[in-house]
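**Q** Below is one structure. I have some questions about it.
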Amino acid sequence: MSRAALFVLADGRFPAGGHAHSGGAEAAVKAGRVTGAASLEEFCRGRLHTTGLVSAALAAAAALGVDPVELDGAADARTPSPALRVAARKLGRQLMRAARATWPSAELDALAREFPKGAHQPVVLGLTARAAGLGPEDAAYCSAYESVSGPATAVVRLLSLDPFDATRVLARLAPELDRVADRAVEAARGVVAGGGVDVLPAASAPMLEVGAEGHAGWAVRLFAS
Amino acid sequence: MHLDHSHPHAGATVGADAHRPDGTRRALRIGLGGPVGSGKTATVAALCRTLREELSLAVVTNDIYTREDAEFLLREAVLPPERITAVETGACPHTAIRDDISANLEAVEDLEDEVGPLDIVLVESGGDNLTATFSKGLVDAQIFVIDVAGGDDIPRKGGPGVTTADLLVVNKTDLAPYVGSDLGRMAADAKTARGEMPVVFQSLRSEAGVTEVALWVRAQLAAWTA
Ligand SMILES: Nc1nc2c(ncn2[C@@H]2O[C@H](COP(=O)(O)OP(=O)(O)OP(=O)(O)O)[C@@H](O)[C@H]2O)c(=O)[nH]1
Ligand SMILES: [Mg+2]
């Protein structure tokens with residue numbers, strides 16, 4: 001298997017439904033918490049170290065072969081907002097379709113059978129990495145990066161933010177992305193070493209959860225979450 | 001038109017697969033695209049009214065930032081509510097029908113699972129621009145709807161929708177005298193852009209309404225089930 005598979009999986013154009021989701025950015029923009037490049041960076045930083053870390057650890061654990069059904073339960077327990085659980089499963093289902101078409105695998109088939117309406121996206125992502133012959137680091141990087149690239153591209157559309165500014169934000173976060181990916185993999189290895197899924201990080205961002213609940217009720221919105 | 005290649009692996013429904021996981025043939029999927037306000041939803045509504053007695057139908061709408069199209073169809077009661085689904089498109093309806101069709105595929109499959117068996121699923125794209133076309137992984141045939149009020153030079157300007165759609169509909173012909181659109185010129189330009197591919201001029205305000213488009217849809221279905 002090839003390391004370049006990581007580029008295929010991490011490509012923002014990988015057709016797995018992410019383009020319709022803002023990762024909470026639409027709610028934050030509406031609430032006036034994200035108004036430009038500086039506040040986008042703060043928003044992304046907060047997301048990276050909370051949701052991003054949790055997702056990356058789940059993905060890394062799935063890539064290591066931890067039981068995805070158990071990981072899905074762990075993801076549920078770490079996602080208080082029902083709207084976010086729905087979004088995560090929707091995206092998991094869409095990713096599952098793209099993954100099975102791209103890297104056919106018995107493990108993906110089995111998880112799809114277990115969750116016909118979708119498992120949590122980071123779990124599917126980790127298993128996809130595994131099917132693509134990638135390792136836990138790759139899965140963690142992919143997931144952590146997605147946690148910030150999604151909101152950044154959404155804010156380009158929402159605020160007509162200069163796309164170069166948004167890209168600079170992502171570049172500035174790169175060293176932190178490294179650290180988050182490292183921590184995520186370490187935690188995932190802890191699961192395998194006998195700690196069980198309870199040792200996975202459970203960092204949370206209450207404003208993302210609260211914002212998502214409000215956003216789900218809006219009559220007019222650009223993004224699905 | 002038939003995309004009858006076999007499953008790459010059991011149980012996975014991928015894009016254009018002509019069969020459902022249980023081996024039965026899936027519904028014919030027809031996409032409707034075209035500029036804002038050209039009459040896509042009105043055409044979908046008229047098709048539902050015309051065909052619903054003889055065929056099992058469902059509709060997926062792709063609104064840009066509201067559920068307006070789905071709500072219009074529900075209000076008009078063109079089909080029972082469980083046969084109408086709205087997909088959210090993240091400010092980019094053409095992405096959801098062309099580059100990343102996963103949400104739309106989920107919607108059509110869920111409709112088949114929940115209210116099937118279906119003969120036809122109509123997929124409407126939120127009004128967009130002249131370059132919006134549907135992926136072959138999502139639909140089997142597409143209709144591009146323009147209207148006479150958007151300017152009679154649109155067929156001449158061409159673009160992927162006008163030139164490649166399986167059917168071009170020029171809608172609102174009743175308005176031509178009021179907006180000074182030359183229908184003869186539109187027909188000639190469409191012919192130049194499309195060669196032998198069909199073009200229908202219609203007014204949903206007229207007696208004939210959607211009849212010709214409905215005939216075309218029936219022919220597509222006959223070919224699909226043949
Ligand atoms: N005069 C006239 N009006 C029409 C005709 N067809 C549709 N309309 C009207 O045109 C308006 C727009 O029609 P819709 O069907 O909503 O257009 P649409 O293409 O779905 O619009 P979007 O989804 O917003 O892109 C409505 O007010 C319709 O009643 C027609 O043949 N003649
Ligand atoms: Mg419409």
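The values are calculated or read from the model by the stated rules, or taken from the named source; none is laboratory data. A quick note: this is a predicted structure, and the numbers were derived from the prediction, not measured. A quick note on method: Cβ atoms are made from the backbone with ideal geometry, for glycine too, and the neighbour counts reach across all protein chains shown. Ligands, DNA and RNA are stripped out before the accessible areas are found, and what is left, the full protein with its side chains, is counted by its heavy atoms. Shrake-Rupley method; radii C 1.70, N 1.55, O 1.52, S 1.80 Å.
**Q** If Lys and Arg each add +1 and Asp and Glu each add -1, what is the summed charge of the other residues whose beta carbon sits under 15 Å from the beta carbon of residue B:72?
**A** Details: positive: B:40, B:49, B:67, B:75, B:83; negative: B:63, B:68, B:69, B:71, B:76, B:124.
Computed value for this residue: -1.
**Q** Ok, one more. Using only Cα atoms and rounding to the nearest 10 degrees, what angle (0 to 90) does helix A:53-63 make with the longest principal axis of chain A?
**A** That helix lies at roughly 30 degrees to the long axis.
**Q** State the volume of the convex hull built on the alpha-carbon positions of the stretch A:1-44, expressed per residue in Å³ and rounded to an integer. Could you put the intermediate results ahead of the total?
**A** Numbers: hull volume 4.1 nm³, N = 44.
So the per-residue Cα hull volume is 94 Å³.
**Q** Can you tell me the convex hull volume per residue for the stretch B:138-226, based on C-alpha atoms, in Å³ to the nearest whole number?
**A** Once divided by residue count, the hull of the stretch B:138-226 is 95 Å³.
**Q** Let me ask something else. Between the alpha-carbon centers of the stretch A:28-72 and the stretch B:104-129, tell me the distance in whole angstrom.
**A** When both Cα centres are located, 31 Å separates them.
**Q** A follow-up question, please. Can you classify the protein assembly as shown as rounded, prolate or oblate using the Cα gyration tensor, where a ≥ b ≥ c are the square roots of its eigenvalues, rounded means a/c under 1.5, and otherwise it's prolate if a/b beats b/c and oblate if not?
**A** Here the protein assembly as shown falls in the prolate category.
**Q** Hey, can you rank A:9-18, A:171-180, A:209-218 by average C-beta count inside 10 Å, highest first?
**A** A:9-18, A:209-218, A:171-180
**Q** Residue by residue through B:93-100, how many Cβ atoms from other chains fall within 10 Å of the Cβ on average? Provide the component values of the computation, followed by the final result.
**A** Details: counts 1, 0, 5, 3, 0, 1, 3, 10.
Neighbouring Cβ atoms belonging to other protein chains average 3 per residue here.
**Q** What relative contact order, as a whole-number percentage, does the stretch B:28-225 give when Cα pairs under 8 Å and 6 or more residues apart are counted?
**A** The normalised contact order for the stretch B:28-225 reaches 27 percent.
**Q** What ³J(HN,Hα) values, in whole Hz, does the Karplus curve 6.51 cos²θ - 1.76 cosθ + 1.60 give for the stretch B:19-27 when θ = phi - 60°, with x put for Gly and Pro?
**A** So the J values, rounded to whole Hz, are 10, 8, x, 7, x, 6, 6, 7, 5.
**Q** Other chains near A:92-100: what is the mean number of their Cβ atoms within 10 Å of each residue's Cβ?
**A** That works out to 4 on average.
**Q** Give the total of Lys-Lys pairs in the protein assembly as shown with Cα-Cα distances below 26 Å; include a pair only if its members are 8 or more places apart or on different chains.
**A** 13
**Q** Can you send over the carbon and sulfur percentage of the accessible area for the stretch A:25-209, probe radius 1.4 Å, protein chains only?
**A** 57 percent
**Q** Counting only protein heavy atoms, probe 1.4 Å: which residues of the stretch A:18-64 lose 40 Å² or more of accessible surface in the full assembly compared with their chain by itself?
**A** A:19
**Q** Order B:197, A:96, most accessible first, counting only protein heavy atoms with a 1.4 angstrom probe.
**A** B:197, A:96
**Q** Next question. Kindly give Rg over Rh for chain A, based on alpha-carbon atoms, with the Kirkwood expression for the hydrodynamic radius.
**A** 0.95
**Q** Sort out for me the Cα centre separation of the stretch B:191-213 from the stretch A:179-198, rounded to whole Å.
**A** That distance is 62 Å.
**Q** Let me know the charge dipole size of the stretch B:70-162 about its Cα centre in debye, to the nearest 20, where only the beta-carbon of Lys, Arg (+1) and Asp, Glu (-1) is charged.
**A** Details: 6 positive and 19 negative charges, 103 e Å.
It comes to approximately 500 debye.
**Q** Ok, one more. Just to be sure I understand: if I project the alpha-carbon convex hull of the stretch B:28-225 onto a plane and average over all orientations, what area do I get in nm²?
**A** 10.3 nm²
**Q** Nearest 100 Å² is fine: what is the total accessible surface buried where chains B and A meet, probe 1.4 Å?
**A** By this definition, chains B and A bury close to 1900 Å².
**Q** Give me the inter-chain shielding for B:44-52: mean count of other chain Cβ atoms within 10 Å, whole number please.
**A** 0
**Q** Rounded to the nearest 5, what is the percent of antiparallel bridges among the DSSP beta bridges in the protein assembly as shown?
**A** 5 percent
**Q** Which whole-number value in Å² is the accessible area per residue of the stretch B:28-225, probe 1.4 Å?
**A** Per-residue value: 39 Å².
**Q** Ranked highest first by the average count of other Cβ atoms within 10 Å around their residues, in what order do B:22-32, A:61-71 fall?
**A** Ranking the peptides B:22-32, A:61-71 by packing returns A:61-71, B:22-32.
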